[in-house]
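Undergrad: Before I ask anything, let me first share the structure, which is written out below as structure tokens.
The values are calculated or read from the model by the stated rules, or taken from the named source; none is laboratory data. Keep in mind the model is a prediction, meaning the values are calculated, not measured. No Cβ is skipped: glycine too gets one built from the backbone with ideal geometry, and neighbour counts run over all protein chains shown.
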Amino acid sequence: MDDVKTIAALATEFWKVLRTLERAAENVPDASKARLQAQARYAAGRLDAILSERGMSVLGFDGRTFEVNLPVSAVNADDFSDEEGLVIERTLEPAVVADMVPVVTGKVFLARSEANASRD
């Protein structure tokens, strides 16, 4: 099981580097943008393929409705009085799942859904 945890830790860090590369690609001149975006897509595909060979996957939750049964912890959960009408604004760290079992719990930042934005 230690190998799975090590791979999951590496996958988490690689995922974070990929997100940084994607954000950086948005701020470079157009001549470099397409190349950086292609490199990020290729690296993300390789990560998914390598993890898949081991029955693992890395999961992001951006834009998804927040549910208590998701393998994530919300860093700003105390900002809300209830759990209804919340969406995941962004994934800070992904969850890593092996054979349908969470190995690493993700970290997310929550927001009110637009329909419920006026409640707090």
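Undergrad: Inside segment 81-116, can you point out the residues that are within 21 Å of Ile50 (Cα to Cα), charged (D, E, K, R) and either modelled with pLDDT of 95 or more or surrounded by 15 or more Cβ atoms within 10 Å (Cβ to Cβ) (or both)?
TA: Glu93
Undergrad: Going by what's in this entry, would Ala40 be described as crowded, with 18+ Cβ neighbours inside 10 Å, modelled with pLDDT under 95 and of a type in the set (A, V, I, L, M, F, W, C)?
TA: So Ala40 fits the description; yes.
Undergrad: Can you name the number of the only condition in (1) loosely packed, with under 14 Cβ neighbours inside 10 Å; (2) at pLDDT 95 or above that Asp78 fails?
TA: (2)
Undergrad: On to the next question. Give segment 1-29 a look and list any residue that's surrounded by 13 or more Cβ atoms within 10 Å (Cβ to Cβ) and of a type in the set (Asp, Glu), or say none.
TA: Glu22
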